[in-house]
Amino acid sequence: MTTDQVEVQEPDHEKVNRGPLDGKRVAVVMTDGVEQVEYTGPRTFLEQQGAQVILISPKGVGAAVQGMNHDDKGDMFPVEMNIQDAHPNDFDALLLPGGEQNPLALRKSPESIAFIKEFYAADKPIAAICHAPWVLIDAGIAESKNLTSWPDIQDDMKQAGAEWIDQEVVIDEKLITSRKPDDIPAFNEALMKALMVSADLSNMGASS
């Protein structure tokens, strides 16, 4: 009897040890020229908290995205889903890493911009860092929002109607923005809190 009791308790113990984001799915939309640490840092953090993270790109599955360490080429990252096959209702949050060339390329991808627009319309968290807030302009999201970004593109953000703020993380409803790699810890924490709030709200809705 005691052996049976131990066997029953072990799976329950494993469930207790899962992270606070267990069951959450986070989409990462990016392509060549992404600032590597702005992808790997948040992805590692989110996965440690129990979330599932999916790399989505205009490039096809089986292709790889070129990461950058500032001006130097970094690692290659395998594409896990093509943007044409991605649907916002399959994910709980959207992560947009920076790097200058990556968002410039995404701005030329109608499918990527449409996905970001749909995600915003679904009222789910969107977290963009460094140069990534550029794509928020094309998605029609930046106007009248409190945002930050890499300082060099602040004029573009202001011209799009955003209120640009120079701080490590700026939160405007479901929109989370940060300036640079040094801000990643605060960026990560803000995204995790947004995901946990979303979970609490969905749980409340389910019980009512």
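The values are calculated or read from the model by the stated rules, or taken from the named source; none is laboratory data. It should be emphasised that the depicted structure is a prediction, and the values quoted were computed from it without experimental measurement. For neighbour counting, all protein chains shown are included, and Cβ atoms are generated from backbone atoms with ideal geometry for every residue, glycine included. The accessibility values were calculated without ligands, DNA or RNA, using every heavy atom of the protein model including side chains. Shrake-Rupley method; radii C 1.70, N 1.55, O 1.52, S 1.80 Å.
Can you give the calculated 222 nm mean residue ellipticity of the chain, where each DSSP H run of n ≥ 4 adds -39,500 (n - 2.57) and the sum is split over every residue, rounded to the nearest 500 deg cm²/dmol?
-12000 deg cm²/dmol
Given a 1.4 Å probe and heavy atoms of the protein chains only, how would you sort Asp32, Asp155, largest accessible area at the top?
From most accessible down to least: Asp155, Asp32.
Can you tell which of Ala194, Cys130, Ala105 lies farthest toward the positive end of the dipole of the range 57-206, using +1 and -1 charges on the Cβ of basic and acidic side chains (Lys, Arg; Asp, Glu)?
Ala105
Can you pull the three principal axis extents for the Cα set of the range 19-88, in Å, largest first?
Its Cα atoms span 35, 26, 16 Å along the three principal axes.
Could you give the angle, 0 to 90 degrees to the nearest 10, between helix 110-121's Cα long axis and the longest principal axis of the Cα atoms of the chain?
60 degrees
Under the √(5λ) rule applied to the eigenvalues of the Cα gyration tensor, what semi-axes describe the equivalent ellipsoid of the chain? Give them in Å, descending.
One finds semi-axes of 31, 20, 16 Å for the chain.
How much of the accessible area of the range 54-202, probe 1.4 Å, is carbon plus sulfur, in whole percent?
Carbon and sulfur: 47 percent of the exposed surface of the range 54-202.
Just report the Cα centroid separation between the range 135-164 and the range 27-105, whole Å.
21 Å
Treating the angle as unsigned and between 0 and 90°, give the value, to the nearest 10°, between the Cα long axis of helix 184-207 and the longest Cα principal axis of the chain.
Relative to the chain, helix 184-207 is tipped by roughly 60 degrees.
Using a/c under 1.5 as the rounded threshold, could you call the range 47-137 rounded, prolate or oblate? The axes a ≥ b ≥ c are square roots of the C-alpha gyration tensor eigenvalues, and prolate needs a/b larger than b/c, oblate otherwise.
rounded
Within straight cross-link reach of Lys73, meaning Cα distance under 17 Å, which aspartates and glutamates are found once same-chain residues fewer than 8 apart are removed?
Qualifying aspartates and glutamates at Cα under 17 Å: Asp32, Glu35, Glu38, Glu100.
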